[in-house]
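**Student:** The structure is given below, and queries will be raised subsequently.
The values are calculated or read from the model by the stated rules, or taken from the named source; none is laboratory data. None of the values given here were measured: they were computed from a predicted structure. Backbone-built Cβ (ideal geometry, glycine too); neighbour counts: all protein chains shown. Each accessible area value is taken on the protein alone, full model and side chains, heavy atoms only, with ligands, DNA and RNA left out. Shrake-Rupley method; radii C 1.70, N 1.55, O 1.52, S 1.80 Å.
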Amino acid sequence: MSTLKLAAMLLGVTTAPLSAAPDANLLFQENCASCHAETRLGGTGPALIPQTLKRLKGDAIMEAIRDGRPATQMPVFSDSLTEDEIKALADLVKTPLDAIPPWGAEEIAASLELNPDYVPADKPQFSSDPMNLFIVVETGDHHASLLDGDSFERLTRFPTPFAVHGGPKFTSDGRYVFFMSRDGWVMKYDIWSMQEVGRVRGALNSRNIALSSDNKHIALANYLPHTLVILSADDLSVEKIIDIKGSDGKTSRVSAVYQAPPRNSFIMALKDIPEVWEVFYGEDPPFYGFVHDYRDEGPPEQTDPFPVRRIKLDDYLDDFFFDQKYEFLMGAARNAKNGQVVDLVIGRKISDLALSGLPHLGSGISWNWQGKTVMATPHLRDSKISVIDMKDWSVVKTIPTKGPGFFMRSHEKSRYAWTDVFFGPNKDLMHIIDKQTLEIVRTLKPAPGKTAAHIEFDRDGSHAILSIWENDGAIVIYNAETFEEVKRIPMSKPSGKYNVWNKITFSEGTSH
Ligand code: HEC
């Protein structure tokens, strides 16, 4: 008998009264806390809080409890709990926590797990071109695959933290890659030796990471707590925790952090306050003078290694696209009608963007069209692609699609941009757009009824790789010129693919 059950008996409390509703808290402590923690913030099992469970639709939470998760430690509870008890537990885990326990430098440091078997290699332990590798994130069973980008052979497959989110980030020599999970774990992996270096829990619920252009710092954007955490990319130690608090004292979640290499800075999109924050690093940050708004804050302090600049806006913006020089930021709010353009040099809004239907600017790509630089973005709500002139911010073309999309990709050497239909009945379609005529020239249906999503090109732009976004999914490799299928490799929900070269060179055909 568990101590809790014993304590409950001694106190005269029965654990399963026949008439009353089940006591979800007690059931949780007895059956679940050993793996998911008393606080519900995760242990062996993932955090069970609304922020992470939102992605489980319909009855998926009850199903997970009732049937367990085969081939994982999550047990079956249908034989020990009643339907009512399972329902009560599902409702409990969907309820926000009353209080968020502290997660500061001490807690982060204590979570560090270095791989005791890790042996660094001074050169790649394989013959593939180290600049044309792909990392494929497989969220179906929380693994990642390392793929040769010439032969499309898998070099290795390794476990990641539970529910990796956002793109992994490569160091500029292509040697290390960093992953981040919804529960705030950051994992460092050595591609050359094909081994995990270690992992640390930088927060309780996180959105994404960025890596500094000098490869020294990782910035972790968090929902819980309301912080940006800067970790050493070398040993994963904490370098700084920045509390996100607006000028009115209100704290905010960080929706995303972006790396802005030419500025030696990280740029943050904030969910709950109408500001954009920029954090500088490096010996002599070129934009140091912007850290303080001289008009109301006086001269800059020069002591902080990570000074913060705040740009105040008149609207909330939480999804960004940057021009190649990082002079301009195009931002959209998930709840607003229009976007805005912010000039990062002068630090204020310079234009509105006439974009309805929730543009997904974070997936935007840019190219040259009739002598102009244009950017194109899918929309999360409307069935269209918008193409925008990056000089006067006007919409030059709206391309109708078969449904709202999520990802869009191209490559400098390819004539085409690929964009998925991510939502709705046509989620199994992938459109191919001619970047010069701005017309859809082909629509593929690689696996009828199954979501086709997220394209990534190889280093020279000759192949486009698509995901069948299902637990028994696959990646499909296409000739990027003829659209012929070249190869199909089964994968477990391959949520994203990331080419080392395209990422480290900040290719304009891919998002960062
Ligand atoms: C022995 C450890 C263990 C116990 C006990 C346990 N779980 Fe889990 N649980 C896990 C693991 C590990 C996973 C992740 C499984 C996977 O990889 O999909 C998980 C996953 C889940 C998920 C899906 C989470 C997601 O984000 O996909 C839910 C919901 C869940 N558990 C609820 C519960 C509840 C409620 C209880 C108690 C009735 C419980 N678990 C008991 C280990 C455990």
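**Student:** Can you tell which of Thr377, Thr373, Thr401 is under 22 Å from the mean Cα position of the chain (by Cα) and among the hydroxyl-bearing types (Ser, Thr, Tyr)? Lay out the reasoning, then the answer.
**Tutor:** Numbers: Thr373 fails: under 22 Å from the mean Cα position of the chain (by Cα); Thr401 fails: under 22 Å from the mean Cα position of the chain (by Cα).
When all the criteria are applied, what remains is Thr377.
**Student:** Moving on. Out of region 337-374, which residues are part of a loop (DSSP other than H, G, I, E, B) and open to solvent by less than 10 Å² (accessible area, probe 1.4 Å)?
**Tutor:** Leu344, Leu355, Gly364
**Student:** Spot the failing condition for Ala16; the list is (1) in a loop (DSSP other than H, G, I, E, B); (2) open to solvent by less than 70 Å² (accessible area, probe 1.4 Å); (3) modelled with pLDDT of 90 or more, and only one is missed.
**Tutor:** Just one mismatch for Ala16, condition (3).
**Student:** Among the residues of region 489-504, count how many are part of a strand (DSSP E or B), surrounded by fewer than 23 Cβ atoms within 10 Å (Cβ to Cβ) and touching a residue at least 24 places away in the same chain (Cβ under 8 Å).
**Tutor:** Final tally of qualifying residues: 4.
**Student:** To continue, here is another question. Check Gly166 against each of (1) under 24 Å from Thr72 (Cβ atoms); (2) open to solvent by 20 Å² or more (accessible area, probe 1.4 Å); (3) outside any loop (DSSP other than H, G, I, E, B) and name the one condition it does not meet.
**Tutor:** Going through (1) under 24 Å from Thr72 (Cβ atoms); (2) open to solvent by 20 Å² or more (accessible area, probe 1.4 Å); (3) outside any loop (DSSP other than H, G, I, E, B) one by one, Gly166 breaks only (3).
**Student:** Go through region 457-512 and count every residue that is under 20 Å from the mean Cα position of the chain (by Cα), acidic (Asp, Glu) and farther than 25 Å from Asp434 by Cβ.
**Tutor:** Residues that pass the stated criteria total 1.
**Student:** Another question about this same structure. Identify, from the list Ala109, Ala88, the residue that is of a type in the set (Gly, Ala, Ser), open to solvent by 60 Å² or more (accessible area, probe 1.4 Å) and modelled with pLDDT of 95 or more.
**Tutor:** Ala109
**Student:** Right, next: Determine, yes or no, whether Leu133 is farther than 30 Å from Gly461 by Cβ, touching a residue at least 40 places away in the same chain (Cβ under 8 Å) and surrounded by 15 or more Cβ atoms within 10 Å (Cβ to Cβ).
**Tutor:** The answer is no for Leu133.
**Student:** Separate question: Scanning for something of a type in the set (Phe, Trp, Tyr) and open to solvent by less than 40 Å² (accessible area, probe 1.4 Å), does region 192-200 turn up at least one residue?
**Tutor:** Kept after step one, since they are of a type in the set (Phe, Trp, Tyr), are these residues of region 192-200: 192.
Okay, now just the ones that are also open to solvent by less than 40 Å² (accessible area, probe 1.4 Å), so none.
Looking through region 192-200, none of the residues is of a type in the set (Phe, Trp, Tyr) and open to solvent by less than 40 Å² (accessible area, probe 1.4 Å).
**Student:** Mind telling me which of the residues Pro116, Pro96, Pro120, Pro102 ends up being open to solvent by 40 Å² or more (accessible area, probe 1.4 Å), in contact with an Asp or Glu (Cβ under 9 Å, 6 or more places away or on another chain) and either modelled with pLDDT of 90 or more or within 23 Å of His165 (Cβ to Cβ) (or both)?
**Tutor:** Every option except Pro120 fails the conditions.
**Student:** Okay, moving on. Hey, Ala64 hits all of (1) open to solvent by less than 60 Å² (accessible area, probe 1.4 Å); (2) within 7 Å of the ligand (Cβ to nearest atom); (3) in contact with a helix residue (DSSP H, G or I) (Cβ under 8 Å, 6 or more places away or on another chain) but one; which does it fall short on?
**Tutor:** Checking Ala64 against (1) open to solvent by less than 60 Å² (accessible area, probe 1.4 Å); (2) within 7 Å of the ligand (Cβ to nearest atom); (3) in contact with a helix residue (DSSP H, G or I) (Cβ under 8 Å, 6 or more places away or on another chain), the one that fails is (3).
**Student:** Another one. Is there any pair with a first residue in region 446-461 that is of a type in the set (S, T, N, Q) and a second that is surrounded by fewer than 24 Cβ atoms within 10 Å (Cβ to Cβ) whose Cβ atoms are under 8 Å apart and which are 6 or more apart or on different chains, and what are they?
**Tutor:** That search, which allows pairs on different chains as well, returns Thr451/Phe422; Thr451/Lys427; Thr451/Asp428; Thr451/Ile468; Thr451/Glu470.
**Student:** Counting only residues that are within 20 Å of Arg442 (Cα to Cα) and among the basic types (Lys, Arg), which one in region 458-488 is least open to solvent (accessible area, probe 1.4 Å)?
**Tutor:** Lys487
**Student:** Inspect region 125-136 for any residue being in a strand (DSSP E or B) and among the hydroxyl-bearing types (Ser, Thr, Tyr) and give the result as yes or no.
**Tutor:** No: region 125-136 contains no residue that is in a strand (DSSP E or B) and among the hydroxyl-bearing types (Ser, Thr, Tyr).
**Student:** Restricting attention to region 169-191, which residues are surrounded by fewer than 22 Cβ atoms within 10 Å (Cβ to Cβ) and either on the phi < 0 side of the Ramachandran plot or touching a Lys or Arg at 6+ places or on another chain (Cβ under 8 Å) (or both)?
**Tutor:** Residues satisfying the conditions are Thr171, Ser172, Asp173, Arg175, Tyr176, Asp190.
**Student:** Also, I was wondering about something else. Among the residues of region 67-85, which ones are surrounded by 12 or more Cβ atoms within 10 Å (Cβ to Cβ), more than 6 Å from the ligand (Cβ to nearest atom), under 16 Å from Ser34 (Cβ atoms) and in contact (Cβ under 8 Å) with a residue 40 or more places away in the chain?
**Tutor:** Leu81
**Student:** Next question. Cβ-Cβ distance below 7 Å, separation of 6 or more or different chains: which pairs start in region 140-153 with a residue that is in a strand (DSSP E or B) and end on one that is of a type in the set (Gly, Ala, Ser) and open to solvent by less than 30 Å² (accessible area, probe 1.4 Å)?
**Tutor:** Filtered contacts from region 140-153: His143/Ser492; Asp148/Ser128.
**Student:** Let me spell it out: the conditions are (1) surrounded by 13 or more Cβ atoms within 10 Å (Cβ to Cβ); (2) farther than 20 Å from Asn208 by Cα; (3) at pLDDT below 90, and Arg334 meets all of them except one. Which number is the exception?
**Tutor:** (2)
**Student:** Looking only at region 20-60, filter to residues that are aliphatic (A, V, I, L, M) and assigned to a helix (DSSP H, G or I); which one of those is farthest from the ligand (Cβ to nearest atom)?
**Tutor:** Restricting to residues being aliphatic (A, V, I, L, M) and assigned to a helix (DSSP H, G or I), the top hit is Leu26.
**Student:** Which residues, counting only those in region 86-115, are small (Gly, Ala, Ser) and in contact (Cβ under 8 Å) with a residue 60 or more places away in the chain? Outline the logic, then answer.
**Tutor:** Filtering region 86-115 down to residues small (Gly, Ala, Ser) leaves 88, 90, 99, 104-105, 109-111.
Ala88, Gly104, Ala105, Ala109, Ser111, listed by residue number.
Yes/no matrix, rows are residues, columns are (1) aromatic (Phe, Trp, Tyr); (2) at positive phi:
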| site | (1), (2) |
| --- | --- |
| Val387 | no, no |
| Ser394 | no, no |
| Gly403 | no, yes |
| Phe407 | yes, no |
| Ser410 | no, no |
| Ser414 | no, no |
| Asp428 | no, no |
| Lys435 | no, no |
| Arg442 | no, no |
